[in-house]
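As structure tokens, the structure follows; a few thoughts come after it.
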Amino acid sequence: MQKQNKRGQTGGLITGLIMGVAGLVIGTIIALVIVSTITGAGLLTTDSTEYNATTNMKANLSAGIENVSAKIPTVLLIAAIVLLLSVLVILVAVWQRMKMGGGASI
């Protein structure tokens, strides 16, 4: 059973986004640990195809993480702008609702 708010909506965009990013981070950490463990365990000989594959996978994961981490400030800036615009829209909507239901003038 999903938790619903007063309007009958379930979850939300922000909750899904946070859970997705957290899942991606946890999955990446697990992948790095597995690849590092396989490479560092000494189970593979240095001339084998498997060793070369795990070494290349480790290098590609590291390069990918560097690419993503370089884009994080831009993503956070866009998220902050969207949040500010959302707050402004909500404030204007509340102000208009209060203005329509205002007291009568004499």
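The values are calculated or read from the model by the stated rules, or taken from the named source; none is laboratory data. All of these numbers come straight from a predicted model, not from anything done at the bench. In this analysis, Cβ positions are derived from the backbone assuming ideal geometry, glycine residues included, and neighbour counts consider all displayed protein chains.
Structural remarks
- In this structure, residue 58 does not qualify as in contact with a strand residue (DSSP E or B) (Cβ under 9 Å, 6 or more places away or on another chain) and either modelled with pLDDT of 80 or more or among the basic types (Lys, Arg) (or both).
- Scanning the range 40-62 for residues that are part of a helix (DSSP H, G or I) and β-branched (Val, Ile, Thr) yields 49, 54, 55.
- Hey, residue 92 over 23 Å from the mean Cα position of the chain (by Cα), surrounded by 10 or more Cβ atoms within 10 Å (Cβ to Cβ) and more than 30 Å from residue 33 (Cβ to Cβ) or not: yes
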